[in-house]
Amino acid sequence: MGRLVALFKLGLGGRLGSGRPYWPWISLPDEVSALRFLITSDLSGPVNLTGPEPVTNAEFTKTLGSVLARPTLAAVPGFARKLVVGDFAEEGVLAGQRALPRVLTRAGFDFAHPSLRRALEAITASATDQPSRWAV
């Protein structure tokens, strides 16, 4: 997130490719809480650690731009994607996955940041004090 936020703050943020692939996301506090929840539960098997409201890359881009009060007008060209996220650009960023945290929510886990906007607002509010919170 650090590189992405820096680009957005410079006004260089934009959707990647078509913007249609889904981007699973989760705030760092929710990820840590979910891991603690799982360690103390009787759940077994695969669990998606993602936020409860999936968003596309276009929605993620628009929300991050809005939270940072920066424009998100253009699509990011392929060479720039590779500079930001390396080889992960094609496989991870553009492939997308609409993952849902069904196991967590059915087990009663409560997200502190159930929406991307709330997660980004919380993170950006504390980013100056704790820059490592951008790690996820």
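The values are calculated or read from the model by the stated rules, or taken from the named source; none is laboratory data. Only a predicted model underlies this, so the values are computations on that prediction, with no experimental measurement involved. So basically every Cβ, Gly included, is an ideal-geometry build from the backbone, and we count neighbours across all protein chains shown.
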Open item on the list: Any residue at all in the range 82-91 that's under 14 Å from residue 5 (Cβ atoms), modelled with pLDDT under 90 and either outside any loop (DSSP other than H, G, I, E, B) or aliphatic (A, V, I, L, M) (or both)?
Closed with: yes
Open item on the list: For the condition surrounded by 13 or more Cβ atoms within 10 Å (Cβ to Cβ), within 13 Å of the chain's Cα centre (by Cα), outside any loop (DSSP other than H, G, I, E, B) and at pLDDT 85 or above, what is the one hit in 105, 63?
Closed with: 63
Open item on the list: Which residue is farthest from residue 70 (Cα to Cα), if the candidates are limited to the range 109-136 and must be at pLDDT 80 or above, touching a helix residue (DSSP H, G or I) at 6+ places or on another chain (Cβ under 6 Å) and assigned to a loop (DSSP other than H, G, I, E, B)?
Closed with: 109
Task: Filter result (surrounded by 13 or more Cβ atoms within 10 Å (Cβ to Cβ), part of a loop (DSSP other than H, G, I, E, B) and among the small types (Gly, Ala, Ser)) within the range 6-43 - done: 11, 13, 14, 17, 19, 27, 41
